[in-house]
Amino acid sequence: MDLKKSLTLSDRIRKAVVDVVLSSTGHGFPNIIRSNNFFIKFMWIFFTILSSSFCIFLITESILSYFKYEVTTKTRVINEIMAIFPTVTVCNMNYFTSIYSLKFIEAFKSEMNAKINPLSTLFETIAKMHSKEEKFTFLKENYGDSLDKLVVYCQYNYEDCNLTDFKFFLHPNYGNCYQFNSGFDSHGKKNDLKYAMTTERLSGLRLILNISVTQKLKFMNPSTGAVIFIHNHTTYPMMVDTITLAPKTETSISLSRTFYESKQKPYSNCDAKTNDMNSYNSEYYKLVHENTKAYGQTLCIHQCIQKFFIENCDCFVADYPCFYNSMPCNLTTWQNCIGIAFQYIKKGDYLNQECEQKCPLECQRMWFDKTVSTNEFSNSMYEDFLQEYDGSDSIYFNQSFDSKDFAVVNVYYGNLGFISVSESPTTDVVGLLSNIGGVAGLFLGISLLTFVEILEIIINIIFVLKNRKINIVD
């Protein structure tokens, strides 16, 4: 028998929802509706609520974990059979070493000696300040060692070096310095970088340095020796640590490399586009790019600090790198202005509000790990043998050789490979979706298609509302 029954709107909507729920991929709700036994229905309600609670809790934890932007650090050892040799910058430890410095120092020696404690280095510091005044700048390269005086002997990969391979670098604290394997020769022309293929101590760079100082200048600094900076050819020398070379000592420096790449914002504070000069509209940022081969935040912050000194004291602090066209501060300016400016920078928010905001942190870094060992250099028999040598390069040997005036350094790779350290997100978008899907499937048995079922319910309700009345043949 056919029976037509007219259903109300609410009944039709309820039926449309129930039909979809009963065929749902989620296991809890269909069984609640389907069960006729009160105990079984209660059991399904209890476990569905319990599973839903665990599901919501774990999904919330996954989302919160994702927005913590934590990273996983991966360390790998990469082997190579050939590696670019680093740039080696070498300087005499004393700023004033030449006979050209004598007249300059004598001009104010008698005046300053009585006022300065000899145990301090203040006299040499004041002398450096005076030497950088505008009226003396034409002599700036004459205060220290010339290349052929400082570098007595150079050997790389068992072959004698050509002194034209050294590029001049004026260090604000050590004066005349010279760079080996900088990518430029002594005339400023580009040349090919040197490679290392062995790890023997004597197969790298071997330098014998004449660290002597004119006798009448030795009162200025009780320290004698040389300093060496080992860095990548794109790195500014003042951004790496210093190794000192003692007189009458042979220093061997074994190198290994580490490359570190941080994950960019928001996973860290670094910016991925610091290699592009036009990425940031910052005066300090662009200044570093214009004057160096590679950007570094520390060097950028130094320019920010120097700009503060220039604006407030009309000079820059010569102990720090400065790319601005300005004059270095003298003693009077230091006493009247620089000290106060330093205190303001330390106490105020200038570094955070001005410098750090306009100097982004680079994501990629590289450094050399160094193992330093020393042994005594020279003996009386060796000195006699040197004095008998009469070759064309014997200028420092066949006169009055004093081993205390010499320091030797060997720079070489202890390992041609390198350590690569990189970061990756602990939870990325794919991982987040996988976690949510896994938790939802484990506790409720639902998947992405379950959301299609919700869409199906919405569509059915729309059709019910469109057709206000439906006839059901029973």
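The values are calculated or read from the model by the stated rules, or taken from the named source; none is laboratory data. Being a predicted model, the structure only gives us computed values, none of them experimental. FYI the Cβ positions are ideal-geometry reconstructions off the backbone, even for glycines, and counts take in every protein chain you see.
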Selection count where residues are within 12 Å of THR97 (Cβ to Cβ) and either buried (at least 22 other Cβ atoms within 10 Å of the Cβ) or without any contact (Cβ under 8 Å) to a residue 12 or more places away in the chain (or both), scope segment 221-235: 1
Residue check, LEU255 against (1) part of a loop (DSSP other than H, G, I, E, B); (2) at pLDDT 95 or above, all met but one. Which one? (1)
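Condition check ((1) assigned to a strand (DSSP E or B); (2) aliphatic (A, V, I, L, M); (3) surrounded by fewer than 13 Cβ atoms within 10 Å (Cβ to Cβ); (4) out of contact with any Leu (no Cβ under 8 Å at 6 or more places or on another chain)) across all residues:
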residue: ILE419; (1), (2), (3), (4): yes, yes, no, yes
residue: GLU423; (1), (2), (3), (4): yes, no, no, yes
residue: GLY431; (1), (2), (3), (4): no, no, no, yes
residue: GLY437; (1), (2), (3), (4): no, no, no, no
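Please find, within segment 78-94, the residue that is farthest from the chain's Cα centre (by Cα) out of those that are of a type in the set (A, V, I, L, M) and surrounded by 14 or more Cβ atoms within 10 Å (Cβ to Cβ). Spell out how you get there, then give the answer.
Step one: of segment 78-94, the residues of a type in the set (A, V, I, L, M) are 78, 81-84, 88, 90, 93.
Those left that are additionally surrounded by 14 or more Cβ atoms within 10 Å (Cβ to Cβ): 83-84, 88, 90, 93.
Numbers: ALA83: 20, ILE84: 19, VAL88: 19, VAL90: 22, MET93: 27 Å.
Checked segment 78-94; the qualifying residue farthest from the chain's Cα centre (by Cα) is MET93.
When you look at ILE59, is it under 52 Å from the mean Cα position of the chain (by Cα) and modelled with pLDDT of 80 or more, yes or no?
Answer is yes for this residue.
I'd like to know if segment 300-308 contains one or more residues that are on the phi < 0 side of the Ramachandran plot and in a loop (DSSP other than H, G, I, E, B). Talk me through it step by step, then tell me what you get.
The first filter runs over segment 300-308 and keeps only residues on the phi < 0 side of the Ramachandran plot, leaving 300-308.
When the remaining residues are screened for being in a loop (DSSP other than H, G, I, E, B), the result is none.
Within segment 300-308, not a single residue is on the phi < 0 side of the Ramachandran plot and in a loop (DSSP other than H, G, I, E, B).
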Any chance you could count how many residues in segment 178-206 are without any contact (Cβ under 8 Å) to a residue 24 or more places away in the chain and among the charged types (D, E, K, R)? 4
Among the residues listed as LYS286, LYS347, the single one being outside the structural domain of THR234 (by TED's automatic domain parsing) and under 18 Å from the mean Cα position of the chain (by Cα): LYS286
Can you name the residue in segment 307-322 that is in contact with a strand residue (DSSP E or B) (Cβ under 8 Å, 6 or more places away or on another chain) and not small (Gly, Ala, Ser) and, of all such residues, is nearest to MET129 (Cα to Cα)? VAL317
Pick from LEU455, LEU444, LEU465: which is in contact with a His (Cβ under 8 Å, 6 or more places away or on another chain), of a type in the set (A, V, I, L, M) and at pLDDT below 90? LEU444
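Listed residues THR75, THR97, THR60; which is surrounded by 14 or more Cβ atoms within 10 Å (Cβ to Cβ) and of a type in the set (Val, Ile, Thr)?
Values: THR75 fails: surrounded by 14 or more Cβ atoms within 10 Å (Cβ to Cβ); THR60 fails: surrounded by 14 or more Cβ atoms within 10 Å (Cβ to Cβ).
After ruling out the rest, the residue left standing is THR97.
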Subset of segment 275-299 (residues that are under 18 Å from GLN264 (Cβ atoms) and in a helix (DSSP H, G or I)): TYR285, GLN297
Under 7 Å by Cβ, and 6 or more places apart or on different chains, what pairs join a residue from segment 322-347 that is within 11 Å of PHE309 (Cβ to Cβ) with one that is modelled with pLDDT of 80 or more and of a type in the set (Lys, Arg)? TYR324/LYS307
Kindly list the number of the only condition in (1) modelled with pLDDT under 90; (2) not in a helix (DSSP H, G or I) that fails for GLU124. (2)
All positions within segment 188-207 that are among the aliphatic types (A, V, I, L, M), at pLDDT 90 or above and surrounded by fewer than 17 Cβ atoms within 10 Å (Cβ to Cβ): LEU193, MET197
Of the residues in segment 162-215, how many are over 14 Å from ILE84 (Cα atoms) and in a loop (DSSP other than H, G, I, E, B)? 14
Specify the residue that is surrounded by the most Cβ atoms within 10 Å (Cβ to Cβ); the eligible residues are those in segment 309-349 that are outside any helix (DSSP H, G or I) and in contact with a Leu (Cβ under 8 Å, 6 or more places away or on another chain). PRO321
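To keep it simple, each residue is scored yes or no on (1) of a type outside the set (A, V, I, L, M); (2) touching a strand residue (DSSP E or B) at 6+ places or on another chain (Cβ under 9 Å); (3) closer than 25 Å to ALA127 by Cβ.
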{"site": "HIS302", "(1), (2), (3)": "yes, no, yes"}
{"site": "TYR324", "(1), (2), (3)": "yes, yes, yes"}
{"site": "TYR350", "(1), (2), (3)": "yes, no, no"}
{"site": "PRO360", "(1), (2), (3)": "yes, yes, no"}
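Does ASN281 satisfy the criteria of being under 16 Å from MET239 (Cα atoms) and surrounded by fewer than 21 Cβ atoms within 10 Å (Cβ to Cβ)? Give the derivation first.
On the way: under 16 Å from MET239 (Cα atoms): no; surrounded by fewer than 21 Cβ atoms within 10 Å (Cβ to Cβ): yes.
Taking the combined requirement at face value, the residue does not satisfy it.
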